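Chemist: Please find one structure pasted underneath; my questions will follow.
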Amino acid sequence: MTGKPKERTGRRRAFQLVGLGLILFGCFIRVLDPYPVRMTRMIYFDLLQRISPRDYNPDLPVRVVDIDEQSLANWGQWPWPRTLLAQMVKNLGEYGAASIAFDMLFVEPDRFSPARLLKDPSLAGVVSVDHQASKLDNDVLFALEVANWPVVLGAAARQSGDGRAITPHAGIIEIGEAPTAGLVSVPHWTPPAPPLDRSAAGIGGVNVSPLGGMGIIRRVPVLWGGPDGALPGLGIEALRVALGEPVIIAEGTPDEAGIMLAVEIGEFRLPTTENGEIWVRYRRDNPDLYLSADEIMQEPDNPALRAEIEGRIILVGTSAAGLFDMHQTALGESVPGVSIHAQILEQILTGEMMSRSDVTAALELLSFVTLGIVVTAVMARFGAVASFVAGGASAAVVLAISWLAFQNQLILFDVTFPLMGGMANFGLLAGYLFISTEREKRVIRQIFSHYVAPEILDEMEGAGHQLQLGGETQEITVMFSDIRGFTPLSESVSATDLVTLLNQLFSQIGDQILLERGTIDKFIGDAVMAFWNAPLPVEDHPRRAAQAALLMRQALVGFNASDVMKGQPPIALATGCATGRACVGNIGSKRRFNYTVIGDVVNVAARIEQSCRHVDYDILVSCSVYEKTRQDMAMLEAGFVDLKGRTDLEPVFVLVGDRTMLNTPAFQRLEATHKVLIEAIRDRKPSDQIEMICEDCIAQARQIEPGLLNFYGALSGRAADFRSDFQSSQLIFSHHDREPTPTA
């Protein structure tokens, strides 16, 4: 009794160890954070923003001057002469722009400057200007205008090291242990051409992703690391200039170098990643953000334009298709790069800054571990279905926490790894449970196959039979088979040898029962009980039971000739079969029950088996079996027997052979002679006449079934069994015709 609980505990512990191993392996994968894990996390963060994007607020002091297709059509192809850009700066300044940031590069001198045109060999002798005009330089004119207003020019990252160094205009104050040491690094910058770099109020990086970066723009550095020190991004520098702040504060950790926590510009604090990036909180692109450069280039004093520009940060960029400055956002839109800078400024001004810290990552890992423990613990105790429900409920809680954290605090809490990791753990554990269950199922099937035929097992599994207390009444055929002379045999061998002998004997005769789709109910000492037509229907079950009895007789011959029976007297079996209605089902207590049968037919079969000694034949069947198998089995009437516990006498029949024997001329002659013998006994013919007929039967039986010799030898002493006063009422069939008599 204690072995099974210990075995179950051991299996459960092994299962829990497997679950723990999977959890530890998942933690290892999360720490490594391979590309598929990172990308899945990013896609989930994109999904959060797509479900709940930021709203556009037209009152925010940020606008974009767009060099659009209309502007190019009216003012010429790009690049424009710097004189036009100077006019644009002047107009924006007079409209009251708080700062003007160009999301474009002025790397080369203006090719439209008169001084450069005169030096062009291809234009020599074609272009002529007076002496004063020959000294005009558009870059100088542009620089003079830039110096009059709060203008921020852009610098771009590059791979080559040629060119001049760049001097940031913003002072960087570092708090902590060298926080700028871990910034996203730029190999080299492409600064504005002189004298523009000296006249601008600020210089910022125009890049929205690291050099060579492609795809969706999710994070943008607010500070870039470069060979000449930290350089702010274009939008951040535009904000600094608009606020009139001389410095940007970079906040890091006091005990670890190269870790950025936040950037402060005036009253604004921007939480960053450890390498100085911020997560962009996107909104849908809105045309109200843009002002056409064509309108700006017109004459000033436009009240509507002044209302849009005055006191606002103005970013100058382009959406023209041929200028290739389009990027994809987390919302799935393609927008100009200048729009991303504008959206960064908007979220800074509104304080809608998304954040994700090491604490958040640790909580994600804790969520994964918790889900893994829930799945493992519940599955180990209650199975896969309960584990799926519990894991699903836990996953829903984690998903709700992630959504609420994003909606209320703009915290990016990743649920993909906890959920997908939990699903992977569930799948692997369910697979492990399935394999172990299948292994146990095979063991149980192997054990149960000793009781029912394999094909019946297949049908039971396919039909999904459930084991529960109770039963149903139906027609079955019951067999009892007992070893004759068991007591002398048990006295001649040791108990161990006797068990070995019985096991081998029952294995051989049990196989014959299963072969004929029978169900072995139990082994009772030296006897076996079996039944047919349950737990699943078995066609012609009386015939199959009779056939199994014949096969058992054949198997016994081989067993008596085997090595295990050397030196032992041959074993004989007494077998009785009966067909009738009985209650079939699981009978016992709620904790322990047996699948068995209860009914009068069970007692009849048992008593018929006991009558084999009286009849002196090894296989007897009831009248009901005879009725249902008389067309398929070779049987002979054996008279009426008194069954213990029953008032009425029971007609029985000896089972001689199967259909093959039934159709042989030899058996048909014996059957006819046997009928004559029985009629002579019933008609009380002279004993010498009966003896003569009996001798004739014995002579014929010798060639058919030697076991009949003892049967006929004892027949003369059993004359009363054939002369019963009840026999006319008991027999409901004709012994002269093999066709069954119709019944109501």
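The values are calculated or read from the model by the stated rules, or taken from the named source; none is laboratory data. Being a predicted model, the structure only gives us computed values, none of them experimental. Ideal geometry is used to build each Cβ from the backbone, glycine not excepted, and the neighbour counts take in all protein chains shown.
Chemist: Return the residues of region 162-198 that are of a type in the set (D, E, K, R) and within 55 Å of the chain's Cα centre (by Cα); say none if nothing qualifies.
Modeler: Just the residues of region 162-198 that are of a type in the set (D, E, K, R), to begin with: 162, 164, 174, 177, 197-198.
Once the filter is applied, which keeps residues that are of a type in the set (D, E, K, R) and within 55 Å of the chain's Cα centre (by Cα), region 162-198 yields Glu174, Glu177.
Chemist: Another question about this same structure. Would you say Pro227 is surrounded by fewer than 16 Cβ atoms within 10 Å (Cβ to Cβ), outside any helix (DSSP H, G or I) and touching a Gly at 6+ places or on another chain (Cβ under 9 Å)?
Modeler: yes
Chemist: Restricting to region 156-179, name every residue that is crowded, with 21+ Cβ neighbours inside 10 Å and either without any contact (Cβ under 8 Å) to a residue 40 or more places away in the chain or closer than 20 Å to Ile278 by Cα (or both).
Modeler: Listed by number, the residues that qualify are Ala157, Ala170, Pro179.
Chemist: Another question, if that's okay. Return the residue satisfying two criteria in turn: it lies in region 670-723 and is among the hydrophobic types (A, V, I, L, M, F, W, C) and touching a Cys at 6+ places or on another chain (Cβ under 7 Å), and of such residues it is nearest to Ala638 (Cα to Cα).
Modeler: For region 670-723, the residue satisfying everything is Leu715.
Conditions (1) among the aliphatic types (A, V, I, L, M); (2) over 26 Å from Leu315 (Cβ atoms); (3) at pLDDT below 90, marked per residue:
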{"position": "Pro5", "(1), (2), (3)": "no, yes, yes"}
{"position": "Gly10", "(1), (2), (3)": "no, yes, yes"}
{"position": "Ala14", "(1), (2), (3)": "yes, yes, yes"}
{"position": "Leu20", "(1), (2), (3)": "yes, yes, yes"}
{"position": "Phe45", "(1), (2), (3)": "no, no, no"}
{"position": "Val62", "(1), (2), (3)": "yes, no, no"}
{"position": "Val65", "(1), (2), (3)": "yes, no, no"}
{"position": "Glu108", "(1), (2), (3)": "no, no, yes"}
{"position": "Pro114", "(1), (2), (3)": "no, yes, yes"}
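Chemist: How do the pairs read when you match residues in region 325-341 that are outside the structural domain of Leu234 (by TED's automatic domain parsing) and closer than 16 Å to Gly205 by Cβ with residues anywhere that are surrounded by fewer than 23 Cβ atoms within 10 Å (Cβ to Cβ) and modelled with pLDDT under 90, using Cβ under 7 Å and keeping only pairs 6 or more apart or on different chains?
Modeler: Sorted first by the residue in region 325-341, then by its partner, the list stays empty.
Chemist: If you don't mind, another one. Would you call Glu637 among the acidic types (Asp, Glu), assigned to a strand (DSSP E or B) and either surrounded by fewer than 17 Cβ atoms within 10 Å (Cβ to Cβ) or more than 54 Å from the chain's Cα centre (by Cα) (or both)?
Modeler: yes
Chemist: Further question: Working only within region 628-660, note down all residues that are closer than 18 Å to Arg544 by Cα, small (Gly, Ala, Ser) and without any contact (Cβ under 8 Å) to a residue 60 or more places away in the chain.
Modeler: Ala634, the sole residue that qualifies.
Condition check ((1) in contact with a strand residue (DSSP E or B) (Cβ under 6 Å, 6 or more places away or on another chain); (2) closer than 30 Å to Glu308 by Cα; (3) modelled with pLDDT of 90 or more; (4) among the aliphatic types (A, V, I, L, M)) across all residues:
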{"site": "Glu69", "(1), (2), (3), (4)": "no, yes, no, no"}
{"site": "Gln77", "(1), (2), (3), (4)": "no, yes, no, no"}
{"site": "Gln87", "(1), (2), (3), (4)": "no, yes, yes, no"}
{"site": "Gly96", "(1), (2), (3), (4)": "no, yes, yes, no"}
{"site": "Gln132", "(1), (2), (3), (4)": "no, no, no, no"}
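Chemist: Identify, from the list Gln547, Gln554, the residue that is out of contact with any Asp or Glu (no Cβ under 6 Å at 6 or more places or on another chain), in the same structural domain as Thr500 (by TED's automatic domain parsing) and farther than 26 Å from Ala720 by Cα.
Modeler: Gln554
Chemist: Further question: Would you check which residues across region 175-199 are modelled with pLDDT of 90 or more and of a type in the set (D, E, K, R) and list them?
Modeler: Listed by number, the list holds a single entry, Glu177.
Chemist: Taking interchain pairs and intrachain pairs at least six residues apart, which have beta carbon atoms under 9 angstrom, with the first residue in region 16-39 and without any contact (Cβ under 8 Å) to a residue 40 or more places away in the chain and the second not in a helix (DSSP H, G or I)?
Modeler: none
Chemist: How about region 45-81: which of its residues are in contact with a Ser or Thr (Cβ under 9 Å, 6 or more places away or on another chain), outside any loop (DSSP other than H, G, I, E, B) and farther than 22 Å from Ile344 by Cβ?
Modeler: Glu69, Gln70, Ser71, Leu72
Chemist: Return the only residue of Arg281, Arg306 being in a helix (DSSP H, G or I) and among the basic types (Lys, Arg).
Modeler: Just a single option satisfies the conditions, and that option is Arg306.
Chemist: Here's a follow-up. Return the total of residues in region 403-425 being closer than 18 Å to Val37 by Cβ and in contact (Cβ under 8 Å) with a residue 40 or more places away in the chain. Talk me through it step by step, then tell me what you get.
Modeler: Taking region 403-425 as the starting set, the residues that turn out to be closer than 18 Å to Val37 by Cβ are 412-425.
Within this subset, residues satisfying the condition of being in contact (Cβ under 8 Å) with a residue 40 or more places away in the chain are 412-422, 424-425.
Residues in region 403-425 being closer than 18 Å to Val37 by Cβ and in contact (Cβ under 8 Å) with a residue 40 or more places away in the chain: 13 in total.
Chemist: Further question on the same structure: Do we find that Lys566 is in contact (Cβ under 8 Å) with a residue 12 or more places away in the chain, out of contact with any Asp or Glu (no Cβ under 9 Å at 6 or more places or on another chain) and basic (Lys, Arg) in this structure?
Modeler: Spelling it out, it is not the case that Lys566 is in contact (Cβ under 8 Å) with a residue 12 or more places away in the chain, out of contact with any Asp or Glu (no Cβ under 9 Å at 6 or more places or on another chain) and basic (Lys, Arg).
Chemist: Just give me the residues in region 42-85 being touching a residue at least 24 places away in the same chain (Cβ under 8 Å), out of contact with any Asp or Glu (no Cβ under 8 Å at 6 or more places or on another chain) and over 30 Å from Val107 (Cα atoms), in sequence order.
Modeler: Met42, Ile43, Asp46, Leu48, Gln49, Arg50, Ser52, Pro53, Asp55
Chemist: Right, next: Taking region 255-273, which residues are under 15 Å from Met353 (Cα atoms) and outside any strand (DSSP E or B)?
Modeler: Within region 255-273, Glu267, Thr272, Thr273 qualify.
Chemist: Show the residue pairs that are 6+ apart or on different chains and have beta-carbon atoms under 8 Å apart, the first residue being within region 661-673 and assigned by TED's automatic domain parsing to the domain that holds Leu636, the second being of a type in the set (S, T, N, Q) and buried (at least 17 other Cβ atoms within 10 Å of the Cβ).
Modeler: Listed by first residue and then by second, the contacts come to Ala666/Gln700; Arg669/Gln700; Leu670/Gln700; Thr673/Gln700.
Chemist: Might you let me know whether region 358-381 holds any residue that is in a loop (DSSP other than H, G, I, E, B) and of a type outside the set (Phe, Trp, Tyr)?
Modeler: no
Chemist: Right, another one. Being of a type in the set (S, T, N, Q) and not in a helix (DSSP H, G or I) is the filter; apply it to region 330-357 and report the residue that is farthest from Leu47 (Cα to Cα).
Modeler: So the residue we want is Ser357.
Chemist: I'd like to check something: does region 648-666 contain any residue that is more than 60 Å from the chain's Cα centre (by Cα), at pLDDT below 90 and farther than 25 Å from Ala572 by Cα?
Modeler: Among the residues of region 648-666, at least one is more than 60 Å from the chain's Cα centre (by Cα), at pLDDT below 90 and farther than 25 Å from Ala572 by Cα, which makes the answer yes.
Chemist: On to the next question. Specify the residue that is surrounded by the fewest Cβ atoms within 10 Å (Cβ to Cβ); the eligible residues are those in region 250-284 that are of a type in the set (Asp, Glu) and over 17 Å from Gly235 (Cα atoms). Explain how you work it out, then say what you get.
Modeler: In the first step, residues of region 250-284 are kept if they are of a type in the set (Asp, Glu); the result is 251, 255-256, 264, 267, 274, 277.
Restricting the remaining residues to those that are over 17 Å from Gly235 (Cα atoms) gives 251, 255-256, 274.
Numbers: Glu251: 19, Asp255: 8, Glu256: 13, Glu274: 17.
Checked region 250-284; the qualifying residue surrounded by the fewest Cβ atoms within 10 Å (Cβ to Cβ) is Asp255.
Chemist: While we're on this one: Residues that are of a type in the set (A, V, I, L, M), assigned by TED's automatic domain parsing to the domain that holds Gly76 and within 41 Å of the chain's Cα centre (by Cα): does region 371-392 have at least one?
Modeler: No - not one qualifying residue is present in region 371-392.
Chemist: Quick one: which helices (runs of 4 or more DSSP H) lie wholly within region 573-631 and hold at least 1 residues that are among the aliphatic types (A, V, I, L, M), assigned by TED's automatic domain parsing to the domain that holds Gln668 and within 52 Å of the chain's Cα centre (by Cα)?
Modeler: Passing ranges, in order: 600-610.
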